[in-house]
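Participant: Before we start, here is the structure in question, set down as structure tokens.
The values are calculated or read from the model by the stated rules, or taken from the named source; none is laboratory data. What you are looking at is a predicted structure, and each value in this text was computed from that prediction instead of being measured. Cβ coordinates were reconstructed from backbone atoms using ideal geometry, including for glycine residues, and neighbour counts include every protein chain displayed. In case anyone asks, the SASA skips ligands and DNA or RNA and just uses the protein heavy atoms, side chains included. Shrake-Rupley method; radii C 1.70, N 1.55, O 1.52, S 1.80 Å.
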Amino acid sequence: MCKRNNSALFFTCSLIEQIGRMLHARRGDVAAGLGEKGVQAIYDYADVLHCDPIEKAADDTIAEFSLQGGSFDNVSAARYTVPDVWTVGKVYARLIEDVSGEDNVVETLLKVYTSWIDEKLSDYNSSFYYEPRDYIAECWKQGVVLDG
């Protein structure tokens, strides 16, 4: 079971967000590119990796895993204030904490990032990522954005 306020998970999710922004890649594509071994390595060494600026950790991770860029730029497409990487990392980490149950946290992270909800959480022109954590978790469990 994933513990609450898991700092390694928070850092891992924030790093995926930073990499996605730097590469103009969907966050699900970043997670898939890292694969289970890559995500597990970041998760396991988050306490060391967080000592560097997140941009450096992202550069190093991009190089180590030969991650490729894309054309997804949700930051430039945003009409409103863009949440920072730490805010978005927290949203994903909370969702993963809330839905992981007995599952391996890295497996759950990959399931979440490579699912339909990644598109919804990455749309900074909507308010979905600001919804309460229990609402986002219930949406994930139901497989759809629920009517408020």
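Participant: Have a look at Asp59, Asp29 and point out the one that is surrounded by fewer than 18 Cβ atoms within 10 Å (Cβ to Cβ) and charged (D, E, K, R).
Facilitator: On the way: Asp29 fails: surrounded by fewer than 18 Cβ atoms within 10 Å (Cβ to Cβ).
Sole residue among the options that is surrounded by fewer than 18 Cβ atoms within 10 Å (Cβ to Cβ) and charged (D, E, K, R): Asp59.
Participant: In the range 32-56, which residues are touching a residue at least 60 places away in the same chain (Cβ under 8 Å) and open to solvent by 70 Å² or more (accessible area, probe 1.4 Å)?
Facilitator: Answer for the range 32-56, where residues must be touching a residue at least 60 places away in the same chain (Cβ under 8 Å) and open to solvent by 70 Å² or more (accessible area, probe 1.4 Å): just Glu36.
Participant: A follow-up question, please. Please give the number of the condition Asp98 fails out of (1) open to solvent by less than 70 Å² (accessible area, probe 1.4 Å); (2) outside any helix (DSSP H, G or I).
Facilitator: Evaluating Asp98 over (1) open to solvent by less than 70 Å² (accessible area, probe 1.4 Å); (2) outside any helix (DSSP H, G or I) leaves (2) as the failure.
Participant: In the set Trp86, Trp116, Trp140, which member is in contact with a Leu (Cβ under 8 Å, 6 or more places away or on another chain), of a type in the set (A, V, I, L, M, F, W, C), open to solvent by 30 Å² or more (accessible area, probe 1.4 Å) and touching a residue at least 12 places away in the same chain (Cβ under 8 Å)?
Facilitator: Values: Trp86 fails: in contact with a Leu (Cβ under 8 Å, 6 or more places away or on another chain); Trp116 fails: in contact with a Leu (Cβ under 8 Å, 6 or more places away or on another chain).
Unique residue meeting the criteria: Trp140.
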